[in-house]
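The values are calculated or read from the model by the stated rules, or taken from the named source; none is laboratory data. Please read these numbers as outputs of a predicted model, since none were measured by experiment. Cβ atoms come from the backbone with ideal geometry, glycine included; neighbour counts cover every protein chain shown.
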Amino acid sequence: MDTWSLTIVAAVFFCAGAARSEIPEDLRDFLNPAAILKIESGKVVQQRTGFKDEEGRTCAQGRAAVLIAKPPEAIWPHLIANDRYCEFIPHAVSAVKYMDNGTEVGWKETVKVALGKISYHIIQTRDEKAYVASWRLDKSKENGIHDTHGSWRLIPHGENQTILVYASRIDSGMAVPRFVENFFLNRGLPEIVNAVKKRAESSGSYKR
């Protein structure tokens, strides 16, 4: 192999390594090279599983990722405006802020499911520098689900592009049957990330 060919090969591997290193280590199994290619083609990548917790309760968790043609700073405001979710995220009915201490925000959220509505309270933690917004159930309040937690993550990917990763886990407890878990995860994952994509790429004008 001549020197020019070696230079080209080295450049290819360098670029591949650089692109790979942009993905956080804890997401590299999920956002593997095949998944990245799928995302770059405009598709949603998702994973979902069902299982029993240590107390025998039915649980489900999942995550989804999509590429958005906007930089992270243009997407972030849409992720933390929970009270505007009802405008663009499927099945969101309302979100009322009941606490804000600067780093954590409490929201009472209501979503529509097949047989009615479910309300629950979450505490949202925001890390704007890392572009991560995570949440957990506020168990000091009355909730229609036993437990839930999850996160939004924004990963810069090329010029003015961002990979959005949404992750959620729900524990039904005694209040929520399995079909509700399936609703949240099987139907909800692609719909939710695509809704954020449309909202961000339209600079906030998209409504469901």
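Taking the options ARG126, ARG169, name whichever one is out of contact with any Lys or Arg (no Cβ under 9 Å at 6 or more places or on another chain), modelled with pLDDT under 95 and crowded, with 16+ Cβ neighbours inside 10 Å. Outline the logic, then answer.
Working: ARG126 fails: modelled with pLDDT under 95.
When all the criteria are applied, what remains is ARG169.
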For residues in the stretch 51-90 being under 24 Å from GLY116 (Cβ atoms) and either touching a helix residue (DSSP H, G or I) at 6+ places or on another chain (Cβ under 7 Å) or among the hydrophobic types (A, V, I, L, M, F, W, C) (or both), which is modelled with the lowest pLDDT?
THR58
Total residues in the stretch 117-148, condition farther than 16 Å from ASP100 by Cβ, hydrophobic (A, V, I, L, M, F, W, C) and touching a residue at least 24 places away in the same chain (Cβ under 8 Å):
2
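Would you tally the residues in the stretch 91-118 being touching a Gly at 6+ places or on another chain (Cβ under 8 Å) and modelled with pLDDT under 95?
Let us first name the residues in the stretch 91-118 that are touching a Gly at 6+ places or on another chain (Cβ under 8 Å), namely 91, 97-100, 118.
Pick out the ones that are also modelled with pLDDT under 95 and you get 91, 118.
Counting residues in the stretch 91-118 that are touching a Gly at 6+ places or on another chain (Cβ under 8 Å) and modelled with pLDDT under 95 gives 2.
Quick check: anything in the stretch 100-122 within 14 Å of the chain's Cα centre (by Cα) and among the aliphatic types (A, V, I, L, M)? Let's see the steps before the verdict.
Just the residues of the stretch 100-122 that are within 14 Å of the chain's Cα centre (by Cα), to begin with: none.
No - not one qualifying residue is present in the stretch 100-122.
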I'd like the full set of residues that are surrounded by fewer than 16 Cβ atoms within 10 Å (Cβ to Cβ) and not polar (S, T, N, Q), limited to the stretch 98-112.
TYR98, MET99, ASP100, GLY102, GLU104, LYS112
Give the residues of the stretch 78-116 that are in a helix (DSSP H, G or I) and touching a residue at least 40 places away in the same chain (Cβ under 8 Å), sorted by residue number.
HIS78, LEU79, ILE80, ASN82, GLU87, PHE88
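Does CYS86 satisfy the criteria of being within 20 Å of HIS146 (Cα to Cα), in contact with a strand residue (DSSP E or B) (Cβ under 9 Å, 6 or more places away or on another chain), among the hydrophobic types (A, V, I, L, M, F, W, C) and surrounded by 17 or more Cβ atoms within 10 Å (Cβ to Cβ)? Step through it out loud before you land on a result.
Values: within 20 Å of HIS146 (Cα to Cα): no; in contact with a strand residue (DSSP E or B) (Cβ under 9 Å, 6 or more places away or on another chain): yes; among the hydrophobic types (A, V, I, L, M, F, W, C): yes; surrounded by 17 or more Cβ atoms within 10 Å (Cβ to Cβ): yes.
Taking the combined requirement at face value, the residue does not satisfy it.
If a residue must be exposed (fewer than 13 other Cβ atoms within 10 Å of the Cβ) and either more than 26 Å from THR148 (Cα to Cα) or under 16 Å from the mean Cα position of the chain (by Cα) (or both), how many such residues does the stretch 30-51 contain?
First pass over the stretch 30-51, keeping only residues exposed (fewer than 13 other Cβ atoms within 10 Å of the Cβ): 33-34, 37, 41-42, 49, 51.
Filter once more, so that each one left must be either more than 26 Å from THR148 (Cα to Cα) or under 16 Å from the mean Cα position of the chain (by Cα) (or both): 33-34, 37, 41-42, 49.
Counting residues in the stretch 30-51 that are exposed (fewer than 13 other Cβ atoms within 10 Å of the Cβ) and either more than 26 Å from THR148 (Cα to Cα) or under 16 Å from the mean Cα position of the chain (by Cα) (or both) gives 6.
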